[in-house]
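Only one structure is covered here, and it is reproduced in the block below.
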Amino acid sequence: MNEALNNRINDVYRRIAEACQRVGRQKADVKLVAVSKGINAEQLKEAISTGLSVFGENRVQDFLKKYDVIDKQVEWHFIGHLQRNKARYLAGKVSMIHSLDSMSLAATLNRLSDIQGYAWQVLVQVNVSGEATKFGLAPSELPDFLDEIREMKGLKVCGLMTIAPYCEDPEEVRPVFRRLRELKEDMMQKKPWLDLRHLSMGMSNDFEVAVEEGATLVRIGSALFGS
């Protein structure tokens, strides 16, 4: 076992636990999604040997290469921007898609569900910060979007996702995480048919603040595997 990797994993878990403790949450309510985009299959196997079991990939092609050589007991999440013409390659292979960001993608996934015979677990990506370089719905678009996809039986909307701007001081992005949590709470109050149990937010530089603001899924790469 790579001792340095094991130490980094333990450090991340410790920081998650401490962030939970600061706000009265249970550490079991936060799932670590290890972002494996920068490591190869052999490094991934080593990471699995340390006990990591949930991995996130950003690119379909890279995911497929690893999926074919990794134990199928691993739980895979797709966390990057998903092009409609590549969605079919994820069918039956990923537990959750974090990046539903358009009606066209929703329709594609719903159609694939009819073919595959199961519902996709998805998170709706919201561009809370409004950065032009980021994908996702504007917060104002979220209510109508949720209404429009309500009848798509091939989608199980489990929560919301956002990517905060990079800041040296993670406190600067606390309002982004807080806003996503407020959106979740507002949508569940106004649309009682929703079950938005997850908030996917927080990465290596800001995950502690995200946990304090309610994250249930944190996407950690460099803090585990190095930059």
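In the stretch 151-190, which residues are closer than 15 Å to residue 101 by Cα and not aliphatic (A, V, I, L, M)?
The answer is 156, 158, 159, 162.
Could you check the stretch 30-130 for strands (runs of 3 or more DSSP E) lying wholly inside it with 2 or more residues that are without any contact (Cβ under 8 Å) to a residue 40 or more places away in the chain, of a type outside the set (Val, Ile, Thr) and farther than 21 Å from residue 221 by Cβ?
It comes to 120-125.
Condition first: closer than 24 Å to residue 44 by Cα, part of a loop (DSSP other than H, G, I, E, B) and either modelled with pLDDT of 95 or more or not small (Gly, Ala, Ser) (or both). Now tell me which residues in the stretch 183-227 satisfy that.
201, 202, 203, 204, 205, 206, 216, 221
Name, by its number, the condition in (1) at pLDDT 95 or above; (2) surrounded by fewer than 19 Cβ atoms within 10 Å (Cβ to Cβ); (3) assigned to a loop (DSSP other than H, G, I, E, B); (4) under 18 Å from the mean Cα position of the chain (by Cα) that does not hold for residue 164.
Single failed check for residue 164: (2).
State whether the residues of the stretch 141-148 include one that is part of a loop (DSSP other than H, G, I, E, B) and either touching a residue at least 12 places away in the same chain (Cβ under 8 Å) or buried (at least 21 other Cβ atoms within 10 Å of the Cβ) (or both).
So far as the stretch 141-148 goes, no, none of its residues is part of a loop (DSSP other than H, G, I, E, B) and either touching a residue at least 12 places away in the same chain (Cβ under 8 Å) or buried (at least 21 other Cβ atoms within 10 Å of the Cβ) (or both).
If you take the residues in the stretch 120-144 that are closer than 12 Å to residue 164 by Cβ and touching a helix residue (DSSP H, G or I) at 6+ places or on another chain (Cβ under 7 Å), which one is modelled with the lowest pLDDT?
Going through the qualifying residues, I end up with 129.
Determine which member of the set 188, 152, 161 is hydrophobic (A, V, I, L, M, F, W, C) and more than 21 Å from residue 217 (Cβ to Cβ).
152
Which of the residues that make up the stretch 58-75 are crowded, with 16+ Cβ neighbours inside 10 Å and either touching a strand residue (DSSP E or B) at 6+ places or on another chain (Cβ under 6 Å) or over 23 Å from residue 163 (Cβ atoms) (or both)?
63, 67, 70, 74
Which count do you get for residues in the stretch 9-59 that are of a type in the set (D, E, K, R), within 18 Å of residue 204 (Cα to Cα) and at pLDDT below 95?
Number of matching residues: 1.
Against the definition (under 16 Å from the mean Cα position of the chain (by Cα) and among the hydrophobic types (A, V, I, L, M, F, W, C)), how does residue 152 come out, yes or no?
no
Please verify whether the stretch 60-81 includes one or more residues that are within 27 Å of residue 126 (Cβ to Cβ), under 15 Å from the mean Cα position of the chain (by Cα) and of a type in the set (S, T, N, Q).
no
The values are calculated or read from the model by the stated rules, or taken from the named source; none is laboratory data. All figures in this text were calculated on a predicted structure; none of them were measured in a lab. Cβ: placed from backbone, ideal geometry, glycine included. Neighbour counts: every protein chain shown.
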